1. If you bin the C-alpha pair distances of segment 60-100 every 5 Å from 0, what whole percents do you get?
2. Which residues does a label at Ala156 reach in segment 98-114, if reach means a backbone N under 15 Å from a point 7 Å past the Cα toward the Cβ?
3. Gain in length, Val208 to Glu114, computed as 0.36 nm per residue apart minus the alpha-carbon separation, to one decimal in nm?
4. Taking the alpha-carbon centroid of each part, what is the distance from segment 42-65 to segment 144-196 in angstrom?
5. Compute the FRET efficiency between Arg331 and Val170 as 1/(1 + (r/R0)^6), taking r as their Cβ-Cβ distance and R0 = 30 Å, and round to the nearest 0.05.
6. With the convex hull built on the Cα atoms of segment 344-427, state its orientation-averaged projected area in nm².
7. Ranking request for peptides 388-394, 193-199: highest mean number of other beta-carbon atoms within 10 Å first, then the rest in descending order.
8. Please compute the Cα-Cα pair-distance distribution of segment 320-469 with 5 Å bins starting at 0, giving whole percents from short to long.
Amino acid sequence: MTLAALVEALGADGVLTGADCERYARDWAGNRRAMPAMVLRPRDVAGVSAALRIAAGAGLAVVPQGGNTGVCAGALPGAGMAVLSLDRLAGLDIDPRARTARAGAGVTLQALQEAAAAHGLAFPVEIGARGSATIGGVLATNAGGFNVLRHGNARALCLGLRAVLAGGQVVDLMTALAKDNTGYDLRDLLIGSEGTLAVITDAVLRLVPAPRVRATAFAAFRDGQAALDFLARAEAETGGLIEAFELLPARAVALIRRHFPELPAPLARPADWGVLVELASAAGRDAAPGPDGRPALAGLLESLLAEALASGAVSDAALPQSEAQRLALWRLREASLEATTREGRWIRFDIALPRVAVPAFLEQVEAALRRQWPGIRTNHLGHLGDGNLHYSVMPDPVGWDAALTARIEAVVLDLVAAHGGSFAAEHGIGRAKPHLLARRKDPGALAAMRAIKAALDPAGILNPGAVLG
Ligand SMILES: Cc1cc2nc3c(=O)[nH]c(=O)nc-3n(C[C@H](O)[C@H](O)[C@H](O)COP(=O)(O)OP(=O)(O)OC[C@H]3O[C@@H](n4cnc5c(N)ncnc54)[C@H](O)[C@@H]3O)c2cc1C
């Protein structure tokens, strides 16, 4: 009955069942498989609304899905749930004068970036999954990435959006305004709600002038403090042109290169505080050649590094001499998630700290873990400029059970909390971390979240099991 109503509303090709659902059943790494009861593929907002109205009437749980590149299993259905794929909502329109894009939820990040680039503009959410991650998913997870330091995360780049609530009600907030204080900010509430409050169908996004010039280096800092001091100085000296400040320590580089041996080592001598730093500017004066014929921005970065070398804050630095060399450095950074996945099973943490606390946290967490489990393996890297670490722990497989995972989580996350940090920086909660949310979120905030969920999705059909558990 429900199936027939859905087919009538969405068309025969708008409802997939059986083996046709396979493509939607696996996450990006192929590690997790969750077969949906069916896949709904509406063509437009009206189709999303109809699908949700029918699903609500039938008590059918629905999991919104974009590119399925999320790393917290938020887009993978539980038993008996339908996947609502946004892949056919792929409309895209750039307004170069307004510097905005109107994008359907199913548009990939890369497609948006390429369309913006054709107008000399950029959408600066930079993540390794750009080829598959969709605008709907990027907003639903409030994705971060390499350029948060300068441009903020996805929320900061969204001016307006449209979404469909659990019963099929359309909420139209497709404004392109810089200011709009008209009551509760539903846009910002839905961004980051991971498909549990509404299905995002399209959005108005803020674009920025595309950089004309970039200056990139891989530097070996004496220690974490030296790296952070350099960052603060460079932020001031460049007037905020630092776009990325990515920690890639020797251990992480070795792990990546074990799985991607074709990627060159960034430095001759590995460094514990190796950082990939990138400046970017759209200003003509920064792109103009300096006395040595190279762009002024490159000269600025080199002078900052020369100063740091002279003071001993930096022991070595490599500057790519070509775009190919620059991209190779970025490939190394972007290969990290796939490399750690190939390496084996880890307990993965995506933590946020005040960035000044990162060096002390790392020292303390390594000591605390080794005190209890001397041979334990760890790996870390991340968006140092944002204080966002991707910290992974691999216990001895012998005797590794749920209780051990919980003990390790407690050691790491108690320290994160002691530094005023967060257990979920940019990847969200999904189905992987509701237990941490329940335990570690402020009880008042948690109660308010549950009240919002109950008000917007009283029957609990939108992505049940994700976020609030
Ligand atoms: C190699 C790699 C690198 C990555 N790097 C980063 C990084 O640097 N920073 C970062 O933040 N993330 C990163 N990610 C994680 C991931 O790419 C992002 O979370 C991305 O935003 C997910 O987009 P998606 O379309 O794949 O969403 P999905 O995985 O399909 O969905 C993610 C969540 O959003 C919900 N959702 C999806 N679409 C909608 C919609 N239209 N309406 C409502 N809810 C929806 C889903 O239900 C799910 O809960 C990386 C992932 C990979 C594989």
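1. All Cα pairs considered, the percentages come to 6, 20, 19, 16, 12, 10, 9, 6, 2, 0.
2. Within reach of a label on Ala156, which here means backbone N under 15 Å from a point 7 Å along Cα→Cβ, segment 98-114 contributes nothing.
3. That pair, Val208 and Glu114, stretches by 32.5 nm at full extension.
4. About 20 Å separates the Cα centre of segment 42-65 from the one of segment 144-196.
5. After rounding to 0.05, the efficiency reads 0.15.
6. 5.2
7. Details: 388-394: 22.3, 193-199: 26.1.
Ranking, from highest mean packing down: 193-199, 388-394.
8. P(r) over segment 320-469, rounded to whole percents: 2, 8, 15, 18, 18, 15, 11, 8, 5, 2, 1, 0.
Since every read-out is calculated from the coordinates, none of them should be taken as a lab result. None of the values given here were measured: they were computed from a predicted structure. Note that we place each Cβ from the backbone using ideal geometry, even for glycine, and neighbour counts take in every protein chain shown.
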